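To keep things clear, I will list the structure first and then write my remarks on it.
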Amino acid sequence: MAIATINPATGETLRTFEPLSDEAVEERLARAAAAFAGYRLTTAQQRAGWLRSAADVLEADTKAVAELMTTEMGKTLAAAEAEVGKCVKALRHYAEHGEQMLQPRPADADAVGAVEAYVVHQPIGAVLAVMPWNFPLWQAMRFAAPALMAGNVGLLKHASNVPQTALYLEELFRKAGFPDDVFQTLLIGSGQVEAVLRDERVAAATLTGSNAAGQAVARTAGDVIKKTVLELGGSDPFIVMPSADLDRAAEVAVTARCQNNGQSCIAAKRFFVHADVAEEFTRLFAEKLAALPVGDPMDADTKVGPLATESGREDVERFVSDAVEKGATVVTGGKRVDRPGWFYEPTLVTDVTPEMELWTDEVFGPVAALRTVADLDEAVRLANEHVYGLGSNLWSEDQGERLRFIRDIQSGMAFVNGMTTSYPELPFGGVKQSGYGRELTELGMYEFMNAKTVWIG
Ligand code: NDP
């Protein structure tokens with residue numbers, strides 16, 4: 001993919017960039033290594049101070065950065081502003097709690113025959129972050145805030161369609177006063193990632209994106225024995241039981257499916273609704289989906305903007321027509337919007353079965369797949385048949401059902417009476433083909449740290 005800003009609301013190419021040459025990449029890797037040599041010796045208080053000032057700089061830049069994201073990948077301006085706010089919060093979270101997270105953990109010295117024993121978390125070096133376009137600021141910040149607090153240095157290979165947001169991130173950390181080169185953006189294509197990861201100055205990698213990209217990075221990392229964290233696809237179940245507040249569940253279902261124009265790994269994608277309430281829930285859900293204003297993402301009234309890429313819309317169209325051919329019913333939506341740009345109508349498809357790609361694949365667009373079930377056990381069984389296990393949602397007032405759901409659902413995150421969301425205070429990640437490792441909280445920070453055992457006799 002060419003490195004370029006192409007406005008998805010118009011299809012217009014606004015700016016193109018040349019990928020870095022091999023020599024330029026080499027120079028940046030040398031700078032990263034030099035930066036780490038000094039940065040690892042800074043104190044947690046110093047790093048917290050830089051994170052705080054990054055939060056202030058970002059907050060002041062909110063409008064400009066939000067407009068940039070909307071222009072590059074089509075999310076609504078309101079969603080882009082909210083994303084900036086979330087990043088500000090994450091920076092402040094690690095600034096406030098990072099020092100405590102980095103305190104040595106004392107162990108029972110007597111039990112191990114020592115005078116003193118403890119575990120200290122130390123930074124490991126330059127970490128490569130291969131990031132997607134869907135939350136161009138947040139995905140990168142989810143990596144950067146804990147990594148920089150930890151004392152690591154960051155190398156960002158962002159998706160090729162969000163180069164200006166990628167460059168802004170480098171500038172943000174520079175403007176915040178971090179030492180030179182502790183966070184660098186590498187404008188490179190995906191074909192250049194392998195050489196960077198193999199380089200001995202790169203310690204580890206984190207990737208958020210498709211399974212194909214995750215496999216490629218994990219394969220290389222396996223070859224050179226480097227740690228990876230992978231946050232890959234999801235097809236989150238959203239289970240509605242008879243005791244649920246149906247109107248509220250339908251309201252949240254719309255947001256959970258259509259947030260970010262339907263392009264979120266933790267979007268609810270498969271809806272399992274108990275037969276007793278299926279008709280009513282389907283009606284409410286369809287009405288609310290059909291009422292969503294679709295249009296110019298810069299417009300304050302718009303709730304659903306275009307898909308980020310032309311090929312992304314073609315994928316969604318293919319999934320829907322495959323489902324219809326195999327017997328599914330389109331209740332609302334089901335086609336592209338007749339205007340320039342890559343718009344697709346908010347869509348509800350029922351009678352979805354495991355033979356359909358709409359069920360087996362990750363649908364990155366505002367298309368909900370609904371299936372009626374006899375009880376919670378059937379919903380959980382069908383949900384667990386999927387290769388993915390990222391987030392999951394249950395709507396029920398029944399305590400027994402809630403506990404069974406939490407025990408049995410195969411996912412990294414279980415949300416009851418709410419939609420899957422990421423918070424700095426809660427670990428984020430999946431199981432099965434959704435990847436491994438965790439982001440956020442202290443767990444996310446420790447993923448790229450050496451938990452060094454210290455024994456003093
Ligand atoms: P990709 O997984 O291709 O892109 C994500 C990142 O990985 C980008 O920086 C990309 O770079 C890079 N990348 C791609 N292939 C490789 C590779 N072989 N080696 C190293 N890096 C690589 O996502 P797409 O944009 O193509 O989206 C395709 C589908 O992936 C979506 O429809 C969705 O299903 C899923 N996806 C899931 C996301 C999530 O949040 N879990 C986010 C984005 C996509 P470049 O842009 O230069 O190709």
Margin query: Here's a check for you: in region 315-338, which residue that is under 10 Å from VAL367 (Cβ atoms) and in contact (Cβ under 8 Å) with a residue 24 or more places away in the chain is surrounded by the fewest Cβ atoms within 10 Å (Cβ to Cβ)?
Written below: GLU317
Margin query: Go through region 410-421 and report how many residues are under 16 Å from ARG248 (Cβ atoms), free of Cβ contacts under 8 Å to residues at least 60 places away in the same chain and touching a helix residue (DSSP H, G or I) at 6+ places or on another chain (Cβ under 7 Å).
Written below: 1
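So which residues in region 369-417 are away from the ligand (no atom under 16 Å from the Cβ) and part of a strand (DSSP E or B)? Even if it seems obvious, please write down each step before you answer.
Within region 369-417, the first condition is being away from the ligand (no atom under 16 Å from the Cβ), and the residues that meet it are 370-385, 393-410, 414-417.
LEU370, ARG371, THR372, VAL373, ASN393, LEU394, TRP395, PHE415, VAL416, listed by residue number.
Taking into account only those residues within region 201-213 that are near the ligand (Cβ under 8 Å from one of its atoms) and not in a strand (DSSP E or B), which is surrounded by the fewest Cβ atoms within 10 Å (Cβ to Cβ)? Spell out the reasoning first.
Let us first name the residues in region 201-213 that are near the ligand (Cβ under 8 Å from one of its atoms), namely 207-213.
Filter again for not in a strand (DSSP E or B), leaving 209-213.
On the way: GLY209: 23, SER210: 15, ASN211: 17, ALA212: 11, ALA213: 18.
Across region 201-213, the extreme among qualifying residues is ALA212.
Take the residues of region 284-310 that are part of a helix (DSSP H, G or I) and in contact with a Phe, Trp or Tyr (Cβ under 9 Å, 6 or more places away or on another chain): which is nearest to the ligand (Cβ to nearest atom)? Steps first, please.
Of the residues in region 284-310, the ones part of a helix (DSSP H, G or I) are 284-290, 310.
Applying the additional criterion that residues be in contact with a Phe, Trp or Tyr (Cβ under 9 Å, 6 or more places away or on another chain) yields 285, 310.
Numbers: PHE285: 22, GLU310: 12 Å.
Within region 284-310, the match that is nearest to the ligand (Cβ to nearest atom) is GLU310.
With within 12 Å of the ligand (Cβ to nearest atom) and either in contact with a Cys (Cβ under 7 Å, 6 or more places away or on another chain) or part of a helix (DSSP H, G or I) (or both) as the only criterion, which of ALA159, ALA216 stands out?
Numbers: ALA159 fails: either in contact with a Cys (Cβ under 7 Å, 6 or more places away or on another chain) or part of a helix (DSSP H, G or I) (or both).
The conditions single out ALA216.
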Next item on the list: Take region 128-156 and flag every residue that is assigned to a helix (DSSP H, G or I), touching a Lys or Arg at 6+ places or on another chain (Cβ under 9 Å) and within 12 Å of the ligand (Cβ to nearest atom).
Entry: TRP138
Checklist line | Out of ALA109, ALA82, sole residue that is surrounded by 12 or more Cβ atoms within 10 Å (Cβ to Cβ) and either under 25 Å from the mean Cα position of the chain (by Cα) or closer than 30 Å to ASN134 by Cβ (or both) | finding: ALA82
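Identify all residues within region 422-449 that are surrounded by fewer than 16 Cβ atoms within 10 Å (Cβ to Cβ) and either touching a residue at least 60 places away in the same chain (Cβ under 8 Å) or of a type in the set (D, E, K, R) (or both); write none if there are none.
Matches in region 422-449: GLU425 only.
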Next item on the list: Among the residues of region 219-230, count how many are within 14 Å of the ligand (Cβ to nearest atom) and within 14 Å of GLY435 (Cα to Cα).
Entry: 4
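Test GLY234 against the stated conditions and say whether it is in a loop (DSSP other than H, G, I, E, B), within 14 Å of the ligand (Cβ to nearest atom) and touching a strand residue (DSSP E or B) at 6+ places or on another chain (Cβ under 9 Å). Before you say what the answer is, go through the steps one by one.
On the way: in a loop (DSSP other than H, G, I, E, B): yes; within 14 Å of the ligand (Cβ to nearest atom): yes; touching a strand residue (DSSP E or B) at 6+ places or on another chain (Cβ under 9 Å): yes.
For GLY234, the condition - in a loop (DSSP other than H, G, I, E, B), within 14 Å of the ligand (Cβ to nearest atom) and touching a strand residue (DSSP E or B) at 6+ places or on another chain (Cβ under 9 Å) - is met.
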Next item on the list: Can you tell me which residue within region 351-368, out of those that are of a type in the set (A, V, I, L, M) and away from the ligand (no atom under 13 Å from the Cβ), is farthest from SER434 (Cα to Cα)?
Entry: VAL352
Next item on the list: Return only the number of the condition from (1) within 14 Å of the ligand (Cβ to nearest atom); (2) buried (at least 22 other Cβ atoms within 10 Å of the Cβ); (3) in a loop (DSSP other than H, G, I, E, B) that ALA166 does not satisfy.
Entry: (3)
Item checked: GLU194 vs. criteria at pLDDT 95 or above, within 14 Å of the ligand (Cβ to nearest atom) and farther than 30 Å from CYS258 by Cα -> yes
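The values are calculated or read from the model by the stated rules, or taken from the named source; none is laboratory data. Note that this is a predicted model, so its numbers are computed, not measured. Please note: Cβ atoms are built from the backbone with ideal geometry, for glycine as well, and neighbour counts cover all protein chains shown.
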